[in-house]
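K.L.:
The structure follows.
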There are 2 protein chains.
Amino acid sequence: MENLDANVNQTQNGRARRGRLSRHNTPNDAPVFEGRKIPAYELLDAPSLARIEDQADWILSEIGIEFRGDDIALDLFAAAGATVDGARVRFVPGLARELCATAPTQFDLHGRDPGNTVTLGGDNVVLMPGYGSPFVTDLQAGRRYATLKDFRNFVKLSYASPWLQHSGGTIVEPTDVPVNKRHLDMMLAHLTLSTKPFMGGVTSPERAQDSIEMARLVFGRDFMDRHAVMQANINVNSPLIYDHTMSGALRVYAAANQCVCVSPAIFAGAMGPLSPAAVAAQTLAEAMAGIALVQLVRPGCPVVFGSFHSTMNLKSGALTFGSPEANMTTMALSQLGRRLGVPTRSGGGQITAANAPDGQAMQDSTGAMWATLLSGAHQVWHAAGWLEGGLVMSYEKFVMDLDHCGAMLKMLNGFRTDDEAFGRDAYLETGPGENFLSTSHTLRHYASANFAPATPEAGPYEMWVENGALTADQRAAIRWRQMLSEYQQPEMPNDIGTALSEFVAERKASMPDEWY
Amino acid sequence: MENLDANVNQTQNGRARRGRLSRHNTPNDAPVFEGRKIPAYELLDAPSLARIEDQADWILSEIGIEFRGDDIALDLFAAAGATVDGARVRFVPGLARELCATAPTQFDLHGRDPGNTVTLGGDNVVLMPGYGSPFVTDLQAGRRYATLKDFRNFVKLSYASPWLQHSGGTIVEPTDVPVNKRHLDMMLAHLTLSTKPFMGGVTSPERAQDSIEMARLVFGRDFMDRHAVMQANINVNSPLIYDHTMSGALRVYAAANQCVCVSPAIFAGAMGPLSPAAVAAQTLAEAMAGIALVQLVRPGCPVVFGSFHSTMNLKSGALTFGSPEANMTTMALSQLGRRLGVPTRSGGGQITAANAPDGQAMQDSTGAMWATLLSGAHQVWHAAGWLEGGLVMSYEKFVMDLDHCGAMLKMLNGFRTDDEAFGRDAYLETGPGENFLSTSHTLRHYASANFAPATPEAGPYEMWVENGALTADQRAAIRWRQMLSEYQQPEMPNDIGTALSEFVAERKASMPDEWY
């Protein structure tokens, strides 16, 4: 293992232990998720997957992908053997996949606290909060535009949770900050309020560069040239378009050797044909084109095969999430990512079109999360908080989702069939018709046997009524306030904190506010 | 295919088509579920499954199972080579499994409408409503004791849903009917208000016999001697006990060649050791003993390897459902059932400890349903309605669960990768950046592409607020009333209806009311 550079060493707390699987230290002594120990579900057989890959190749060779307004990208593709016709880039079958081959199968994303470094790929699972909501809601204050305070709150909640291994990116839009300065405040929050990996700004190449410069103040330029500490969310303008903002930001992150997650964004029937197979194929085609560009800019740069897709009610036009068709696409994409050989961010997460953290919200979210995690996705975006198709981040749903994240990670931790699991001594102590609660076996294991949700239990009906008959979202309202009140900011060396503040102040002063 | 006997032919409506997979006709022209086309998830590898089976054999040989107060059962076991010591029956390793070997791997459960006949085993999936709740609740009338009217309502709702292929058993307890006469009214409701398969009474051998006699009035004695038309829910008094009520009812159904589902009932840590592996092993041991008894009474009698298990908060003592530990047990049991070679009712269903149809209820239920169906269970009890760990059947949750049943069946229907699914013509009609909504491909498929929940959509936030900001359960309250108001009772020949009514009247008159 290479040593972290001086700046990073200053922030170490002596807990750094790095095995095959990353350790996720959290402020409290929460359980550690040690990596997937159960098999990934294989929805599709190899011939079906090959047909999807053939369709992706057909799209790339016959239709092509447009990189609009980015001559540098077009030149790179032409030099690599692709056919460039105006903005349209076409790849003979197999070429795009070949260009992706230099991307690593597995890599580390370094946390400011090395104990929070995560590994993307292999048996590892990295969960992160929702991304991009312009609104927030909570049961008491209701639905309103998100502010920087909300953004900071969600960074704190993500840091405090043992079930999110990543601080996320634009968790909510800090709409009280000018558009052209938001990335500075968001970076400052991720870097100072958390020590988990995070995502930087991508809304212009300049903001991408600012984000990288701020990270360099903490991690050091040399360290970052060799190691990824941050990710970029590069969304394709599906169908089949990269605009210059996205491809420009992509090239900035790639040049800095930071992780680029390329995520096509397809609502089936609108930005692509309506079938799960077609969405999976188009996602693969679009993503391979972007990953290829990353590798042309800097071979070996870490990437994530991303996706964002869902379905619509094709009669009403309403977006739908957690549908069986979308869940199947998610599962197929996990398989396609394994075949591509790069870590996968697989479609789902805990997503819903519901407007409240109600039964529909959790039905949609829970199903989508099963599809995502059982199929073997490595990184899960939108694992907590999403409502209204991502328009809203709900404080209550955030902690309800966290409980389910923890439950799923417990499941991924596997099923023991060793002698101690079977508890033969308990049968010898008791017998038919007798209770096992007081056996030595139960007493040895009762405290740690079962996953414990953090949202207060409802309890039996009569007690529940006496306590006000609080529904799950109402009990969750207690929990997130408790988490925020117990939050403790991680330490940061003074000189780094000062450097970050000065950078932000300087950049803010250098440009007038822009509000659109 | 053998012909149904005269009585059954009278009730045919000409739609009977029986392929490898059963057809589920419903009052409306609902989509048909044609069987599982996606692989079952294999949580455990073969060595782990073998260790669980070894543990089951250890329990059966070293501890044994008690059949209390049933000398006939004990004699049958002794004659079959088991060691009988008082009520305790011990099986040398392998014996219980050997005795189960005459049970069929797959069989039909005949509906009064042959179009509603289902197949248990193989690629088939049979969902049924909850079982046994003494209470019901709905948002308007609140929580109260269930009555015969509620029972009849849930039979109607189950009949009306395309996603439940089975009418269930004691869906709710008709607490306004004397305990010793409930089975008569419940059988009458299943037989007259629905044409789907159902479960009969098991609370005493006599009530079991009454149930069979009533079914014979509809299906004919000869037909039923050759074909299963009903199921019995035989619960083990876990740990390791069959009481004479259950083993007596088991023998009545077995003698009549009707399907016996043997379900151990284990809360981990109380009725068995606390680990998923231990619960799976004990479930297998207890179930094999019961299935062996069925086969000793009547070799070849159809059985289902059942299970009912969950977890507890071992600190507070509260029962928990949908936990990761319970879900893993459910998945393991599906695998163990396949190895045993009989159809499996696998633990889960849409179960929860929540007191309201809220986010927790659906989070618990949805996860448990994924575990159940993805692992390959053939029959799912408690697929709709459960609240409060089964104490309460909720009208609203019933229809919310139905939506998820439909979604899961859509997923089990599989993922097409044929040329039409890829929609190449749509790409040739459009191009990068263009919308696919008006392509011929979308127009060809938009009406049937996606599963459509029946609970009214929330819609976008502003419209949702204008319409009263109804949460999912509030919208579900509209849906179940609509289903009941649209319910149409299936026809039944007058002579059969009269015979059933007379049987019920006669049996009721023959005994005084018993209320406990």
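The numbers here are math on the coordinates, done by the rules we state, and not lab data. Every value quoted in this text rests on a predicted model; they were computed, and no experiment measured them. Methodologically, a virtual Cβ is constructed for each residue, glycine included, from the backbone with ideal geometry; neighbour enumeration extends over all protein chains shown.
K.L.:
What are the aspartates and glutamates whose alpha-carbon lies under 15 Å from the alpha-carbon of A:Lys410, with same-chain residues fewer than 8 places away excluded?
P.N.:
Partners within reach: A:Glu34, A:Asp123, A:Asp401, B:Glu325, B:Asp364.
K.L.:
Against the longest alpha carbon principal axis of chain A, how many degrees, from 0 to 90 and to the nearest 10, is the axis of helix A:494-509 turned?
P.N.:
The angle comes out at about 50 degrees.
K.L.:
Next question. Evaluate the charge dipole of the protein assembly as shown about its Cα centre and quote only its size in Debye, nearest 20, assuming +1 on the Cβ of each Lys and Arg and -1 on the Cβ of each Asp and Glu. Write down the numbers at each step before the final one.
P.N.:
Numbers: 82 positive and 110 negative charges, 72 e Å.
Around 340 debye, computed over the protein assembly as shown.
K.L.:
Tell me which residues come under 5 Å, amide H to amide H, from A:His309 once H is placed; ignore anything under 5 positions away on its chain.
P.N.:
So A:His309 has HN proximity to A:Ile266.
K.L.:
Next up: Measure nothing but the geometry: give the 0 to 90° angle between the long axis through the Cα atoms of B:46-58 and the longest principal axis through the Cα atoms of chain B, rounded to 10°.
P.N.:
30
K.L.:
Which loop-located trypsin sites (Lys or Arg not before Pro) does region A:296-362 contain, where loop means any DSSP state but H, G, I, E or B and the Cβ has at most 11 other Cβ atoms within 10 Å?
P.N.:
On the way: sites: A:Lys315, A:Arg338, A:Arg339, A:Arg345; in loops: A:Lys315.
Here the sparse-neighbourhood loop sites are A:Lys315.
K.L.:
Just from its helices, what would the mean residue ellipticity at 222 nm be for the protein assembly as shown, if runs of 4 or more DSSP H residues each count -39500 (n - 2.57) and the sum is divided by every residue, rounded to the nearest 500 deg cm²/dmol? Display every interim value, and only then the final one.
P.N.:
Values: 38 runs with 436 residues, N = 1032.
That comes out to -13000 deg cm²/dmol.
K.L.:
For a quick protection proxy, order the peptides B:81-89, B:205-213 by their average other-Cβ count within 10 Å, most packed first. It would help to have the intermediate numbers written out before the result.
P.N.:
Details: B:81-89: 17.1, B:205-213: 21.3.
Packing proxy ranking, top to bottom: B:205-213, B:81-89.
K.L.:
Roughly how crowded by other chains is peptide A:277-288, in terms of the mean Cβ count from those chains within 10 Å of each of its Cβ atoms?
P.N.:
Whole-number average of other-chain Cβ neighbours for A:277-288 is 3.
K.L.:
Between region B:343-407 and region A:420-494, how many Å separate their Cα centres?
P.N.:
Spelled out, the Cα-based centre of one part sits 21 Å from the other.
K.L.:
Only bridges whose two residues both fall in chain B count here: according to DSSP, what percent of them are antiparallel, nearest 5?
P.N.:
Working: 16 of 41 bridges.
Around 40 percent antiparallel, to the nearest 5.
K.L.:
Taking each label point as 7 Å beyond Cα in the direction of the beta carbon, state the distances from A:Gly300 to the same residue in the other copies, shortest first, in nm.
P.N.:
Label point to label point, same position, other copies: 7.1 nm.
K.L.:
Right, something else. What is the average number of partner chain Cβ atoms found within 10 Å of a Cβ in B:137-150?
P.N.:
Counting Cβ atoms of other protein chains within 10 Å of each residue's Cβ and averaging gives 0.
K.L.:
Which residues' amide hydrogens lie under 5 Å from the amide hydrogen of A:Val260, considering only partners 5 or more residues apart or on another chain, with H built in the peptide plane?
P.N.:
HN-HN under 5 Å from A:Val260: A:Ala232, A:Val303, A:Val304.
K.L.:
Another question about this same structure. Checking the table A:Lys315/B:Lys156; B:Lys37/B:Lys397; A:Lys149/A:Lys508 against a 23 Å threshold on Cα-Cα, which pairs fail? Spell out each step's value before the answer.
P.N.:
On the way: A:Lys315/B:Lys156 29 Å; B:Lys37/B:Lys397 28 Å; A:Lys149/A:Lys508 18 Å.
Cα-Cα > 23 Å for A:Lys315/B:Lys156; B:Lys37/B:Lys397; rest within.
K.L.:
Rank by packing, highest mean first: peptides A:224-232, A:46-54, with packing defined as the count of other Cβ atoms within 10 Å averaged across residues. Walk me through the numbers before you get to the answer.
P.N.:
Working: A:224-232: 22.1, A:46-54: 16.9.
Going from most to least packed, we get A:224-232, A:46-54.
K.L.:
Something else about it: If amide hydrogens are placed 1.01 Å from N in the peptide plane, which non-local residues have theirs closer than 5 Å to the one on B:Glu457?
P.N.:
none
K.L.:
If you take each beta carbon of peptide A:429-442 and count the beta carbons of other chains within 10 angstrom, what is the mean?
P.N.:
Details: counts 0, 5, 7, 15, 9, 4, 4, 12, 8, 0, 4, 0, 5, 7.
Across A:429-442, the average partner-chain Cβ count within 10 Å equals 6.
K.L.:
Could you tally the net charge around B:Lys149, taking each other residue with its Cβ under 15 Å from the Cβ of B:Lys149, Lys/Arg +1 and Asp/Glu -1? Before the final figure, lay out each step's value.
P.N.:
Details: positive: B:Arg144, B:Arg152, B:Lys156, B:Arg182, B:Arg481; negative: B:Asp138, B:Asp150, B:Glu173, B:Asp176, B:Asp185.
Net charge around B:Lys149: 0.
K.L.:
In addition: How far is B:Ser510 from itself in the other copies, in nm, if each label sits 7 Å out from Cα along the Cα-Cβ line, shortest first?
P.N.:
Those separations, rounded to one decimal, come out as 9.5 nm.
K.L.:
I would also like to ask the following. Would you please put A:150-163, B:299-312, B:103-116 in order of how densely packed they are, using the mean number of other Cβ atoms within 10 angstrom per residue and starting with the highest? Working shown, then result.
P.N.:
Numbers: A:150-163: 24.1, B:299-312: 25.7, B:103-116: 22.0.
Put in order of decreasing packing, that is B:299-312, A:150-163, B:103-116.
K.L.:
Next question. If you project the alpha carbons of the protein assembly as shown onto the principal axes, what extent comes out on each, in Å, largest first?
P.N.:
95, 64, 50 Å, listed from the longest principal axis down.
K.L.:
Can you tell me the relative contact order of chain A? Whole percent, Cα pairs under 8 Å, sequence separation 6 or more.
P.N.:
Numbers: 1095 pairs, mean separation 92.0, N = 516.
So the answer I get is 18 percent.
K.L.:
Please determine, in degrees from 0 to 90 and to the nearest 10, the orientation of helix A:359-374 with respect to the longest principal axis defined by the Cα atoms of chain A, where the helix direction is its Cα long axis.
P.N.:
The angle comes out near 70 degrees.
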